[in-house]
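The values are calculated or read from the model by the stated rules, or taken from the named source; none is laboratory data. Note that the structure is predicted; figures quoted are calculated from it, not measured. Here the Cβ positions follow ideal geometry from the backbone for every residue, glycine too, while neighbour counts run over all protein chains shown.
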Amino acid sequence: MLKAVFKLFAVSLCLLSGLARAAEAEPVRFALIDPLTGPMSVVGQPALAQLQFTAERLNKEGGMDGHPIEIVGYDNKINPQESLVQLQKAIDDGIRYIIQGNGSSVGSALLSAINKHNQRNPDDRVLYLNYAAIEPSFTNERCSFWHFRFDSHVDMKMNMLTDWIAENPDFKKVFLINQDYSFGHTVSESAMRMLKEKRPDIEIVGNTFHPLGKVKDFSPYISKIKSSDADVVITGNWGQDINLLIKSAAEYGVDVPFLTYYGSTPGTITQVGDKGVDRVYLIAEYHGDFTDPEIAERQVALYKEKGWDYYPRVAAMLEMMKAAGDKADSIDPLAVAKTLEGFEYDAAGGHLTMRAEDHQLQMPLYLSVLKDNMKHGAEGTDYNFHQVAHFDADQATLPTTCRMRRPD
Amino acid sequence: MSLRLSPWRALAPWLISLLVLLVIPLLVSSNGTFSIINLIAINIVFALSYNMLLGQGGMLSFGHAVFFGLGAYGAIHVMNLIGDAGYDGQGFWAHFPVYLLPLVGFATGALAALLVGWPFCRRAGTAFAMITLGLGELVAAGSQMFPTVFGGEAGVFSNRMVGPVWFGLELAQPADVYWFSAFWVLLAVFAMWAFTRTPLGRMSNAVRDNAERLQFIGYPPRNLRFLVFIAAGGFAGLGGGMAAVNYEIVTPESLGLLTSGLALLMAAVGGLGVFYGPIVGAIVVTVMNSLLSDYTDASILYVGLVFLAVVMFAPAGLGGGVEQVRQSWRRGELTRQLPGWLGGAVSVLLIALGLVASIELVYQLSHGRDKLAQVLGLQPDPSSPLVWLGVVALFAAGYGVARASKNYREARS
């Protein structure tokens with residue numbers, strides 16, 4: 001009798017402790033390795049704010065496969081070597097999901113380091129979730145099973161920009177101005193190649209490179225654009241190079257569209273302001289109209305809470321990870337990675353598919369232009385990007401040369 | 001100092017260093033700590049090589065990263081050659097072990113310094129600083145334009161687990177790389193110390209102190225500077241070679257002005273006048289750079305403040321401070337002088353605490369609380385005047401102790 005009571009007691013104790021463990025399940029942690037201090041923190045902090053904001057909401061919905069999502073920021077000062085130290089720290093802290101976006105040099109370092117880590121530690125694998133390093137090779141010749149890209153790469157975006165130009169018969173002369181480094185050259189080369197294919201009659205009236213981040217006065221470049229009589233300008237500029245370029249264009253009355261990759265980088269809208277209206281075009285995963293009331297609500301809430309604008313693709317990335325974890329019924333990186341292959345998800349911008357072949361997200365893209373008096377202004381202003389054109393995921397897609405090696 | 005040291009006294013620092021390097025793996029187990037230790041080792045070599053120029057040769061360089069970066073590029077390209085040769089196991093590179101890559105880095109760095117250095121070394125001082133600044137910018141800008149050599153923005157990457165394996169050391173984890181780093185840092189530090197003992201090393205001090213007189217007695221300062229420049233370039237390249245093996249990637253950032261500035265920062269914080277100063281500086285700066293940002297978003301500000309404080313109040317650096325204590329101990333004056341110094345240290349600590357507290361409070365007002373505040377156990381409300389009164393009290397106490405200990409020191413000397 002005593003034994004039976006004791007047994008009952010022991011069993012109930014086990015059950016209770018089991019319940020307690022389920023209630024506070026171990027968190028699944030994501031490391032954000034991005035610049036979080038210094039001048040470049042304006043590109044890392046918004047992502048951190050967005051991730052924390054989205055994680056909070058997802059945790060209310062039960063977290064990833066029952067595990068609460070936790071975001072840990074690691075400051076890499078946008079330096080590749082420092083990123084590897086931070087990566088090691090994150091792995092030591094038991095984090096198996098690494099998020100990074102800013103700088104393809106950092107992306108390259110993380111990609112090769114994570115590949116090697118997974119090869120050398122088969123029991124302890126790590127996934128690399130890339131939300132903004134858009135060097136095409138990451139999902140082509142350098143593709144890896146452990147890397148997932150949640151942004152369209154340079155060529156995909158250029159594909160849509162050139163489609164838009166090609167469809168508009170008024171555009172006859174295109175001017176290319178880019179920063180003189182690998183990314184700028186990639187933009188210029190793919191623009192020339194695609195324009196030649198799509199509209200051989202279009203004339204490239206200028207293909208200029210300027211030093212990266214060193215030009216204080218863009219007027220010589222602008223007068224070149226003006227005298228070339230260009231109808232449209234394509235630029236991959238970011239940071240102060242885009243701010244000063246647009247301001248200078250406004251001062252000299254160059255009223256042609258500037259098609260940009262990074263017109264929405266934090267700080268740009270505040271600095272460019274009125275001078276960018278009807279001049280800065282942006283190719284991105286969403287637009288500033290916030291037609292979806294739920295997303296609009298979140299934009300308002302996030303800006304109020306953290307002082308940063310909504311970052312749609314970062315939010316979509318975390319939502320997708322949660323959904324994939326739920327579906328895989330696991331938070332094990334390998335299981336989640338296998339589920340992510342071919343995974344589909346509906347986000348703010350439309351239907352997303354993580355292509356299994358190369359782990360490149362296939363998503364709709366939007367071309368938008370900066371407007372004043374928008375309902376939901378960016379950076380606390382009244383300016384934001386108003387949709388001009390929408391491209392389906394099928395339209396934006398490009399073939400890949402990836403030959404993926406998968407783990408058993 | 002012309003004190004003749006007994007061989008044991010001279011050997012002691014090396015034996016202690018060796019012992020520390022051997023004991024570290026017994027105390028440390030996490031790969032993250034090992035990767036920071038490896039980074040410290042690289043930075044020690046880099047900072048010491050920089051001090052060959054600035055501290056010993058009197059040449060202020062803003063382009064030292066060029067040799068570090070080129071050494072790293074040389075090593076990583078050779079690493080790729082070893083990897084490619086590994087497929088058929090033929091040729092020279094198939095038998096070249098990865099452990100020797102720092103030598104390749106040394107050769108690359110020294111060669112680069114040999115090729116560009118001659119015109120630079122005619123003058124020291126501002127002219128030299130300006131020219132090296134130009135060189136640094138030139139190479140950094142050029143590196144973005146030759147993607148086949150420098151790998152463009154993405155850099156050149158490789159795999160260190162190639163080529164013959166020695167002593168069963170596979171270099172898979174940071175803990176394995178530790179042995180590699182420990183060996184090379186000890187060897188490089190010893191070699192650079194030995195360099196200071198050579199006639200050339202002695203003469204480089206003379207060039208720093210009075211180039212005109214040296215010219216007069218028949219040693220052309222330009223030749224001496226050039227030789228030191230080559231040696232410093234070589235050792236920076238050796239550090240670069242270690243970095244190539246450690247990171248398995250080299251990007252154009254490693255050639256740039258920021259990396260050059262890091263060398264200056266480490267050497268200056270540690271102390272230019274003492275041989276081991278840059279070692280101390282490399283440890284402090286690396287740890288601050290890699291760990292401080294975990295606790296506070298204002299980490300860069302703190303690094304800058306430390307640099308400012310050292311340059312303004314302790315121009316001999318942290319190593320200089322240690323040396324001062326050591327000298328006084330040797331003269332048997334330590335018991336007399338120590339209270340004054342301790343008082344100074346306490347005042348620095350108090351003022352630093354006040355400064356940190358006020359920075360964190362201001363930061364809290366604008367951005368919300370970060371982790372450092374929690375670590376220090378501070379949960380104050382920045383809007384309460386009492387808290388600010390506390391900060392003022394810290395400053396006042398620090399100032400008071402500083403005055404008192406200064407008077408004390410002056411009375412005793």
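Brief remarks on what is shown
- Failed item, numbered, when A:PHE30 is tested on (1) at pLDDT below 95; (2) under 21 Å from A:ASP93 (Cα atoms): (1)
- Considered as a group, the residues in region A:119-131 that are away from chain B (no Cβ under 11 Å) and either buried (at least 21 other Cβ atoms within 10 Å of the Cβ) or out of contact with any helix residue (DSSP H, G or I) (no Cβ under 9 Å at 6 or more places or on another chain) (or both) include one that is farthest from A:ILE331 (Cα to Cα), and that residue is A:TYR131.
- Only residues that are facing chain A (nearest Cβ under 9 Å) and touching a residue at least 40 places away in the same chain (Cβ under 8 Å) were counted in region B:138-151, giving 2.
- For region B:250-271, the count of residues that are crowded, with 24+ Cβ neighbours inside 10 Å, under 20 Å from B:PRO97 (Cα atoms) and either among the acidic types (Asp, Glu) or at pLDDT 90 or above (or both) is nonzero.
- 2 or more residues at pLDDT 80 or above, farther than 30 Å from A:GLY307 by Cα and basic (Lys, Arg): qualifying helices (runs of 4 or more DSSP H) within region B:323-413: B:385-412
- Number of positions in region A:62-100 that are farther than 20 Å from B:SER290 by Cα and among the small types (Gly, Ala, Ser): 3
- Scanning region A:92-114 for residues that are under 24 Å from A:ASP151 (Cβ atoms) and facing chain B (nearest Cβ under 9 Å) gives A:GLY103, A:SER104, A:SER105, A:VAL106, A:GLY107, A:SER108, A:ALA109, A:LEU111, A:SER112, A:ALA113.
- For region A:366-408, the set of residues classified as small (Gly, Ala, Ser), more than 18 Å from the chain's Cα centre (by Cα) and under 18 Å from A:TYR262 (Cα atoms) consists of A:GLY377, A:ALA389, listed by residue number.
- For region A:138-243, the strands (runs of 3 or more DSSP E) that sit wholly inside it and include 1 or more residues that are within 14 Å of chain B (Cβ to nearest Cβ) are A:147-149, A:173-179, A:203-210.
- The residues listed here are B:VAL250, B:VAL284; of these, the one that is under 27 Å from A:SER41 (Cα atoms) and away from chain A (no Cβ under 14 Å) is B:VAL284.
- Residue within region A:389-401 that is assigned to a strand (DSSP E or B), aliphatic (A, V, I, L, M), more than 25 Å from A:PRO293 (Cβ to Cβ) and in contact (Cβ under 8 Å) with a residue 40 or more places away in the chain present: no
- Residue list for region A:36-51, restricted to those being within 12 Å of chain B (Cβ to nearest Cβ) and either in a helix (DSSP H, G or I) or at pLDDT 90 or above (or both): A:SER41, A:GLY44, A:GLN45, A:LEU48, A:ALA49
- Entry remark, region A:244-270: residues being more than 25 Å from A:ALA166 (Cα to Cα) and either within 23 Å of the chain's Cα centre (by Cα) or not in a helix (DSSP H, G or I) (or both) number 7 in total.
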